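Q: This is the structure I have questions about; it appears just below.
The values are calculated or read from the model by the stated rules, or taken from the named source; none is laboratory data. Here the structure is a predicted model, which is why all the values come from computation and not from measurement. Cβ placement follows ideal geometry from the backbone for every residue including glycine, while neighbour counts extend to all protein chains displayed. Each accessible area value is taken on the protein alone, full model and side chains, heavy atoms only, with ligands, DNA and RNA left out. Shrake-Rupley method; radii C 1.70, N 1.55, O 1.52, S 1.80 Å.
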Amino acid sequence: MRSSIWILRADTDPTRGEALARELSDRGVQATVRMQGDRTTVVVDSPPEDLSPPPDVERAAVIEIPEQFRTTRRSFLDSFATALAVGVAGAAAGSIGLFAHPPERRGDGVDELEVARLSELRKKGYQTFSFGSEPGIVVASGTKLHALSLVCTHLGCLVEWSPERRQLICPCHRASFDLGGNVLEGPPPRPLRSFEVSVQGDRVLVRRAGRVTL
Amino acid sequence: MRNVNLTAFLDRPVVEHRTFLSDPGRVAVFLFGIEVVTGALLALYYRPAPEAAFASVQLISNAVTLGWLVRSLHLVAANCLVVLAALLLIRAFFRRAFLGPRGFSGWLLTVGFLLLMLAFFFTGEALPWDQDAYWRTTVTAHLVADTPVVGPWIAGVLRGGDDVSGVTLIRLYAAHALLMPWAAYWVIHRMRALMRRGAIG
């Protein structure tokens, strides 16, 4: 597309540009007025061959805009729709990427815990603790200490220590376990998970062998 | 990039006074697409084992980036599908769509679509394997077992044993994620074909 750009002289009347544009549109030529700094310019689209600039035009230039750089309403809508589609697809792909990246395991990094003082444990008989999200209990029985997970292997309910029965009871389905974690009755398929216990002086330490996999 | 065929999309002929139920097949495809994508994503973390299922669902909801969003989308789109299926059935009933040349097969498909969506809901609800899921599955299995003649057999297949157990969870998951999506794909495809010929709705 060809366009003529007319820069009017600095001393012309400010309304001259509009008048010129009206005059041109009366002849069927499209023209737009723009201010460049303090200068009035008139941009004439597709000027006819016989059109010559009026005397109050200081400088005139003809520019040629190649077809592929012209923005029509259609090409704008096309690019807009493409940009929108690419944006949405990109956001979706990014979100999926974030989702697929595995999260940091929280609280599971602790593999050894000091859970009680030996003297207090002997007095109380048991002490609960927690490896991150996995609760456990350490029970003193005679001279031995037993450390077990409280998560029932049936459906993951938390079992409770019953000092009278000397058993761990699951409240959900009345399952019971002995201090070795073995199933005495009820539906659980496996013994309770057990932890290593060690005593250093008066400190009772519980160690978890492997990490809990989620 | 001029490959977006906007004009063809805008010029597509549509019914006057169009509502979202004018083209329910498209709505079903859209919702089912969301289910497939979010379901595949959830399967990256979900573990169908009794001791791990709940923990893996907790992991998705609380620890995985945008996990809450993916899980909610899966649930919301599932709800919408059940509502859509129910609306289609009610509309077919009041329009007497079950009469006419292809009406009855269309009616069967519409009923089948609703039943399938409810089956998706039942199996999907059990997957977190919390107390709710466990007892709901137990109750449903008892209901199924009360069906005359074939009931006990179906309940046995559903549970994979005499009681609801870890085997049941694997079966529900397999049905939810491996078998039923193909059935849903087929039903939606057939429904759309019948809709184009005007036999549904």
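Let's see how each residue does on (1) closer than 30 Å to B:ALA126 by Cβ; (2) part of a strand (DSSP E or B):
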site	(1), (2)
A:SER119	no, no
A:GLY136	yes, yes
A:VAL139	no, yes
A:LEU145	no, yes
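Q: Among the residues of segment A:135-145, which ones are out of contact with any helix residue (DSSP H, G or I) (no Cβ under 8 Å at 6 or more places or on another chain) and either open to solvent by less than 40 Å² (accessible area, probe 1.4 Å) or acidic (Asp, Glu) (or both)?
A: A:PRO135, A:GLY136, A:ILE137, A:VAL139, A:SER141
Q: Which residue out of A:GLY132, A:GLY156 is more than 9 Å from chain B (Cβ to nearest Cβ), open to solvent by less than 60 Å² (accessible area, probe 1.4 Å) and touching an Asp or Glu at 6+ places or on another chain (Cβ under 8 Å)?
A: That would be A:GLY132, the only listed residue that is more than 9 Å from chain B (Cβ to nearest Cβ), open to solvent by less than 60 Å² (accessible area, probe 1.4 Å) and touching an Asp or Glu at 6+ places or on another chain (Cβ under 8 Å).
Q: What tally of residues in segment B:59-69 results from selecting those that are more than 8 Å from chain A (Cβ to nearest Cβ) and open to solvent by 50 Å² or more (accessible area, probe 1.4 Å)?
A: Qualifying residue count, segment B:59-69: 2.
Q: Another one. Scanning for something at positive phi and out of contact with any Pro (no Cβ under 9 Å at 6 or more places or on another chain), does segment A:21-40 turn up at least one residue?
A: Taking every residue of segment A:21-40 in turn, at least one turns out to be at positive phi and out of contact with any Pro (no Cβ under 9 Å at 6 or more places or on another chain).
Q: Let me ask another. Could you tell me which numbered condition B:ASP163 fails, if it satisfies all but one of (1) open to solvent by 40 Å² or more (accessible area, probe 1.4 Å); (2) within 14 Å of chain A (Cβ to nearest Cβ); (3) in a helix (DSSP H, G or I)?
A: Checking B:ASP163 against (1) open to solvent by 40 Å² or more (accessible area, probe 1.4 Å); (2) within 14 Å of chain A (Cβ to nearest Cβ); (3) in a helix (DSSP H, G or I), the one that fails is (3).
Q: Which condition breaks for A:SER46 when tested against (1) touching a strand residue (DSSP E or B) at 6+ places or on another chain (Cβ under 8 Å); (2) of a type in the set (Ser, Thr, Tyr); (3) open to solvent by 100 Å² or more (accessible area, probe 1.4 Å)?
A: Looking at each condition in turn, A:SER46 falls short on (3).
Q: Based on this model, can you work out whether B:LEU44 counts as open to solvent by less than 60 Å² (accessible area, probe 1.4 Å), at pLDDT 90 or above, within 10 Å of chain A (Cβ to nearest Cβ) and more than 23 Å from B:THR110 (Cβ to Cβ)?
A: Considered against the rule, which asks whether it is open to solvent by less than 60 Å² (accessible area, probe 1.4 Å), at pLDDT 90 or above, within 10 Å of chain A (Cβ to nearest Cβ) and more than 23 Å from B:THR110 (Cβ to Cβ), B:LEU44 comes out as no.
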